[in-house]
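The values are calculated or read from the model by the stated rules, or taken from the named source; none is laboratory data. Predicted model only: the values in this text are computed from it and were never measured. Every residue, glycine as well, gets a Cβ built from its backbone with ideal geometry; the counts of neighbours run over all protein chains shown. Surface areas here come from the heavy atoms of the whole protein model, side chains and all, with no ligands, DNA or RNA. Shrake-Rupley method; radii C 1.70, N 1.55, O 1.52, S 1.80 Å.
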Amino acid sequence: MSPYVLSVLMSSLAIGTIATLSSTHWFLAWMGLEINTLAIIPLMTKTHHPRGTESATKYFLTQATASGLILFSTTINAWALGEWTVTNLNPTSSTILTIALAMKLGIAPFHLWLPDVMQGLNLMTGLILSTWQKLAPMALLVMINHQLNSNLLMLMAILSTVVGGWGGLNQVQMRKIMAYSSIAHLGWMIMILTFSPTLTVLNLLIYIILTTSMFMMMINLLSTNINKLAVSWSKTPTLSALMMITLMALGGLPPTSGFLPKWLILQEMTNQHMSLMSTIMAMSTLLSLFFYLRLSYVISLTTAPNISNSNLMWRVQLKPMTAMPVIIILSLMLMPITPILLTII
């Protein structure tokens, strides 16, 4: 792809997200979401492979349906209340809008498009879809959090954490595993949305950091499935060890950064007398933790057969990614500065 075309598409992604984040009018928010959708579709099809075309088609149809629902709900709201302000919603519009934004994010039970779309993309486009594309819809949910149906959100959150853990168990493709990881993390975010939007934003921030570091390491190791992951230790031991710890962070094990949002969310849910929900969420995390542990086992304790006559392996020349060390450090060591993070957010 031409650098000029790529720069236009990346600028459009940024403009779309910023337009949605800064909007107080529903039509401007919808327009930002549309710019986002239209800008990423050429990035999906740049590989000129049938899988990329299939992913772009599935993504476009899902996002177009969600955008139609957003327009429908905001039109009903303007008809009922006589205004297009983002912060004022009637109950019917709120329910339809929640479903539409859940479709855009890939929250269960509207998640079925996400693993298939992710599998057809290259790793860099998958990184954008998993991180940047979550910002605009999640920002809208945070802006209208006090008008959302909490029972509907809790139902979708429980479904997302269970489906995200259950669906990733039998996967061997890294992109599908990251898609199910995204679904499970989104469940944690929307569970606490109506009670503490600050924790939702914190969880989103840490999820973006963890997912970015994971995708950067996958890009450097050229790992798209478990078999390719198995040979990474003999090529780049340091990066493989860091990937193993990052997987533990995604699973939410202390003292990594991934433990921080889960701990705070469970504490807040207990304060809200939601003991049953807290137990279900914590138990469903064990499903996700199982396949993260399996990947760590593949990285550390299994190696592919050495088919060469030499005992020495060629080292992989790492791609120059200046941000990767910083992102990896942030994904592993944010626990000590928890109070500062909460104060800033």
**OP:** Considering only the stretch 210-263, state which residues are at pLDDT below 90, assigned to a helix (DSSP H, G or I) and not aliphatic (A, V, I, L, M).
**Re:** Asn220, Asn227, Lys228, Ser232, Trp233, Ser234, Lys235, Pro237, Thr238, Ser240
Original post:
Before we move on, is Met124 out of contact with any helix residue (DSSP H, G or I) (no Cβ under 8 Å at 6 or more places or on another chain), open to solvent by 20 Å² or more (accessible area, probe 1.4 Å) and touching a residue at least 12 places away in the same chain (Cβ under 8 Å)?
Top reply: no
**OP:** Could you list, in sequence order, all residues of the stretch 161-187 that are of a type in the set (S, T, N, Q) and either open to solvent by 40 Å² or more (accessible area, probe 1.4 Å) or farther than 21 Å from Asn225 by Cα (or both)?
**Re:** Thr161, Asn170, Gln173
Original post:
How about the stretch 1-52: which of its residues are touching a residue at least 24 places away in the same chain (Cβ under 8 Å), among the polar types (S, T, N, Q) and either farther than 24 Å from Met138 by Cβ or outside any helix (DSSP H, G or I) (or both)?
Top reply: Ser23, Thr24, Thr47
**OP:** Give the residues of the stretch 188-223 that are of a type in the set (S, T, N, Q) and open to solvent by 30 Å² or more (accessible area, probe 1.4 Å), sorted by residue number.
**Re:** Thr194, Thr198
**OP:** Quick one: which residue in Leu159, Leu155, Leu205, Leu193 is among the hydrophobic types (A, V, I, L, M, F, W, C), without any contact (Cβ under 8 Å) to a residue 24 or more places away in the chain and in the same structural domain as Thr279 (by the TED database)?
**Re:** Leu155
Original post:
Considering the stretch 288-309 alone, what residues qualify as being in a helix (DSSP H, G or I), modelled with pLDDT under 90 and either among the hydroxyl-bearing types (Ser, Thr, Tyr) or exposed (fewer than 13 other Cβ atoms within 10 Å of the Cβ) (or both)?
Top reply: Ser296, Tyr297, Ser300, Leu301
Subject >> Residue pairs meeting the criteria (Cβ under 8 Å; at least 6 apart or on separate chains; first in a loop (DSSP other than H, G, I, E, B), in the stretch 271-287; second surrounded by 13 or more Cβ atoms within 10 Å (Cβ to Cβ)) >> reply: Gln272/Phe195
